[in-house]
Amino acid sequence: MTIFCDMHTHSHHSFDAKSSVDEMCRAAIERGLEALAVTDHCEAPFIRFGADCEFGCFDELIPQSFADATAARERYAGRLKVLRGLELGEPTHDRAATAHALAYGDFDFVLASVHNIRNMQDFYYMNYSGVDVDGLLARYFDELCETASFEHFDSLSHLTYPLRYIVAGTGRFPDLSVHADAIDTIFKILIKNQKALEINVSGLFKELKTTLPDVTLVRRFRELGGQYITIGTDAHSADMVGRGIGEGIAVAREAGFSQYVIYEKHRPIKIDINE
Ligand SMILES: [Zn+2]
Ligand SMILES: [Zn+2]
């Protein structure tokens with residue numbers, strides 16, 4: 001049987017999540033997970049707003065998240081491997097802020113994300129009526145390409161993040177084939193730099209009904225020589241921890257992978273995908 005691990009979760013140290021690290025760990029053990037990465041949000045360009053930041057004060061939240069994950073790692077040793085992670089948003093928008101974020105703790109695992117294009121709001125908050133979706137996606141993939149080139153992360157999170165909201169907002173699924181070259185470029189950079197691609201299963205529970213990215217793109221990553229896949233739920237509450245990891249593993253297998261990875265001290269640990 002394949003070992004299940006969840007490499008993308010948010011505790012109440014993320015502005016949009018509600019469970020404690022301890023509640024998440026107990027949920028993970030109940031569902032039979034072997035490892036859980038706590039990856040609270042740190043939107044690098046927003047750190048400078050301090051306590052006035054709409055997402056909370058990262059200088060307080062992330063050290064608390066790290067401390068809670070460290071305590072949980074001790075408390076659950078032998079029952080659950082708790083990994084100290086970070087979901088680092090827009091790491092290339094403000095390099096000094098990003099360096100500051102990475103110094104919050106000695107993280108095991110860093111996810112890199114783009115939730116908003118420069119000078120625009122998070123895709124989550126956008127209104128898509130009358131918007132040139134292809135133009136928007138072209139800009140998004142350009143920024144993701146820049147992010148893939150960033151050095152200090154382990155796995156590139158939710159490659160097709162805007163789809164989670166574009167599909168919900170417009171009721172239509174954009175044709176990604178027009179962005180195939182840009183996506184290939186992102187994959188080639190990840191492969192050259194030995195970074196992982198995340199299969200984010202959150203889309204399975206939303207209007208999108210697929211993983212982010214879907215199996216076609218994961219297969220393309222594999223064809224180009226991709227070696228490392230991480231799998232995460234992007235749970236924002238304990239009840240979602242571990243949900244859909246089996247489906248994520250099935251996508252990895254269908255795409256041609258016989259292993260996925262977790263990271264400890266930024267080192268990939270391979271996990272066999274068995275029947
Ligand atoms: Zn995210
Ligand atoms: Zn997330």
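Observations on the structure shown:
- Here is the list for the stretch 197-239: trypsin sites (Lys or Arg not before Pro) lying in DSSP coil, each with at most 14 other C-beta atoms within 10 angstrom of its C-beta, are 206, 209.
- Applying Stokes-Einstein at 10 °C and 1.306 mPa s to the Kirkwood radius of the stretch 84-197, computed over alpha-carbon pairs, gives a translational diffusion coefficient of 107 µm² s⁻¹.
- Mean silhouette area of the chain, derived from the convex hull of its C-alpha atoms and averaged over all directions, reads 13.0 nm².
- Likely footprinting exposure, 230, 210, 39, 98, fewest C-beta neighbours within 10 Å first: 210, 98, 230, 39
- Neighbour-count ranking [beta-carbon atoms within 10 angstrom, fewest first] of 117, 29, 249: 29, 117, 249
- Two-site FRET efficiency, residue 121 against residue 152, from Cβ-Cβ distance with R₀ of 25 Å, rounded to 0.05: 0.45
- Interatomic Cα distance distribution for the stretch 200-275, bins of 10 angstrom, percent: 20, 50, 28, 2
- Look at where the Cα atoms of the stretch 6-73 and of the stretch 199-275 average out, and the two centres are 20 Å apart.
- Cα-based Lys pair tally, the stretch 116-275, threshold under 23 Å, eight or more apart or on separate chains: 5
- The ranking of 24, 120, 126, 240 from fewest to most other beta carbons within 10 Å of each one's beta carbon is 120, 126, 240, 24.
- Applying the criteria of a DSSP loop state and at most 16 other Cβ atoms within 10 Å to the trypsin sites (Lys or Arg not before Pro) of the stretch 1-96 yields 18, 31, 79.
- When you filter the GluC sites (Glu not before Pro) in the stretch 85-171 for DSSP loop state and at most 13 other Cβ atoms inside 10 Å of their Cβ, you are left with 151.
- Treating r as the C-beta distance of residue 16 and residue 71 and R0 as 22 Å, the FRET efficiency rounds to 0.45.
- Share of pairwise Cα separations in the stretch 120-160, more than 13 Å, in percent: 62 percent
Taken together, the values in this text are just the output of simple stated rules run on the coordinates, not laboratory data. Note that the structure is a prediction, hence the values are computed from the model and not measured. Note that we place each Cβ from the backbone using ideal geometry, even for glycine, and neighbour counts take in every protein chain shown.
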